[in-house]
Amino acid sequence: IYTLSLHDALPICAVVIGGGITGTLTGCALLRAGWKVTLIEAQHIGAGSSSRTAAGIRQQFSTRESVLGMRYSVDFYKRWHQTMGQEGQPIEQNGYLFLVQGQQAWDAALKRVQDQQAWGLSEVQALTPDQTLERFPYVDPDEITGATWCPSDGFLRPDVVYNEGAATFRALGGTLLQGSPLIQAERVGGRLTSITTGKGAVLNADVFLDCTNAWSRRVGDILGAAHLPVQALKRYLWFIERGESMSPAELLKMPLIISPQGAYCRPENAGSLMTGWKHAAPDVSADFEYEDQDTVEPAYFHKNDADSRPFETWMALAQALPPVGEFAGISATTAGFYGTTPDHNPFLDFDPNTENLIRMVGFSGHGAMFGPFSAQVGAALAEAGGSIDHVSVLGEEAELAPFKIGRDFGAAEAMVI
């Protein structure tokens, strides 16, 4: 299921741009399909959003293709030793618990669970407040109308994914160039013929793959590609120290929990809870730099006053999870960028202006979990040499219409945090 058919001719050359989770896993999929692959990364492996993600992985989505794709990704990560030949353990299956408040939201949640079960996610469940309390005694049942729970969801260790992904890429014969930003591209008609990196390497290829996500706008400009509506939006994570209100063992078993307001948390380790909550942010795709990933604006810094976003997040979580309100305090802030599309689904398709360029960008915070599925789609596109309508995963056909460039954005993914 993870290996595509080999070419009968000599290996065809591909250049993958971007050394995060998407780029490294896609490079491995192409190598296994018989391609000669060079992967270029402007900084170092995982330097972008892959190292700054909350790294949740869930199958609880509102569209069939995302549910099916994430079922595939969970299976891939569970079988990491077989799929990648590495020794790390990238997935922690603590589950995802969506807390729901209000009858309208609960009716929509019940419909999603029915759909998800019909799409093969048999283990997802809808829980009443009492059932939720029985399983998760730190949840206040008076603050929810119900919850949806999937025990096979969880979160990833992204450093394991991109570092061991890069190791497998090298072991399979791929060429990895770090500290090699894209600076120039040569075209003949509607095709790319070569690119030049900041270290002076000129790379010729038959197919190029843009896996730069939040950086895609500037990369696309260099490549002469179509302008895609991918916005770079700042996102923050905060870490709350456990204190005495919860035991280390209880914290480590906690699922990734989403409050009714959308604030979320998961265990980082036995003593710390990772938290986040999206907010309105300007699109900075045209002018941000790598170091801007680590710039923290005052309103989002954990050492500022109680009106700041991290304390709002803490209090939103504490409302539904009273023991979290008794944690010792917020100890750290980290930041990065989401590459976000209007409907929160990524683009996985050939560029309309460049016949040998595949765009794999706009993951809207879901790039880490989409990684194996994205790699499968990217390799299938490269093998086909043009846009395709579906890809086979887990013995089923995943339709690619939700991920095509130029699609109607009316059918947006509803499960976005």
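Overview of values
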{"quantity": "Where segment 109-193 is the region considered: accessible area per residue in Å², 1.4 Å probe", "calculated": "45"}
{"quantity": "Percent of C-alpha pairs per 5 Å bin, segment 32-153, short to long", "calculated": "2, 10, 15, 16, 17, 14, 10, 7, 5, 3, 1, 0"}
{"quantity": "Convex hull volume per residue in cubic angstrom - Cα atoms of segment 311-368", "calculated": "131"}
{"quantity": "Globularity ratio of segment 279-335, using Cα Rg and 2.2 N^0.38 Å", "calculated": "1.35"}
{"quantity": "Sites matching GluC sites (Glu not before Pro) across segment 33-99 that sit in DSSP coil, with at most 16 neighbouring C-beta atoms within 10 Å", "calculated": "87"}
{"quantity": "Modelled FRET efficiency - R0 35 Å, residue 103 with residue 401, Cβ distances, 0.05 increments", "calculated": "0.60"}
{"quantity": "Share of carbon and sulfur in the accessible heavy-atom surface of the chain [1.4 Å probe, %]", "calculated": "50"}
{"quantity": "Cα gyration tensor of segment 180-259 - equivalent ellipsoid semi-axes, whole Å, descending", "calculated": "45, 15, 12"}
{"quantity": "Sequence of 277, 215 when ordered by accessible area, the most exposed leading, probe 1.4 angstrom", "calculated": "277, 215"}
{"quantity": "Kirkwood Rh, angstrom, the chain [1 / mean 1/r, Cα pairs]", "calculated": "21.8"}
{"quantity": "Dmax and Rg, reported as Rg then Dmax, of segment 293-394 (C-alpha, Å)", "calculated": "20.1, 56"}
{"quantity": "In range of the label at residue 114: residues from segment 140-162 whose backbone nitrogen is under 20 Å from the point 7 Å along Cα→Cβ", "calculated": "145-150"}
{"quantity": "Note, ³J(HN,Hα) from phi for segment 325-335, Karplus 6.51, -1.76, 1.60, rounded to Hz, x at Gly and Pro", "calculated": "x, 9, 5, 6, x, 7, 9, 7, 10, 10, 8"}
{"quantity": "Estimated vicinal HN-Hα couplings, Hz - segment 222-239 in sequence order (Karplus 6.51, -1.76, 1.60; Gly, Pro = x)", "calculated": "5, 7, x, 8, 5, 6, 9, x, 10, 8, 9, 10, 6, 9, 10, 10, 10, 10"}
{"quantity": "Cα-derived Rg over Rh, computed across segment 17-77 with Rh taken as Kirkwood radius", "calculated": "1.03"}
{"quantity": "Using a Förster distance of 51 Å, the FRET efficiency for residue 171-residue 142 (Cβ separation, nearest 0.05)", "calculated": "0.40"}
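The values are calculated or read from the model by the stated rules, or taken from the named source; none is laboratory data. Predicted model, so just to flag it, every value in this text is computed and none were measured. Neighbour counts are summed over all protein chains in view; Cβ atoms, including those assigned to glycine, are modelled from backbone coordinates with ideal geometry. For accessibility, only protein heavy atoms count, side chains too; no ligands or nucleic acids. Shrake-Rupley method; radii C 1.70, N 1.55, O 1.52, S 1.80 Å.
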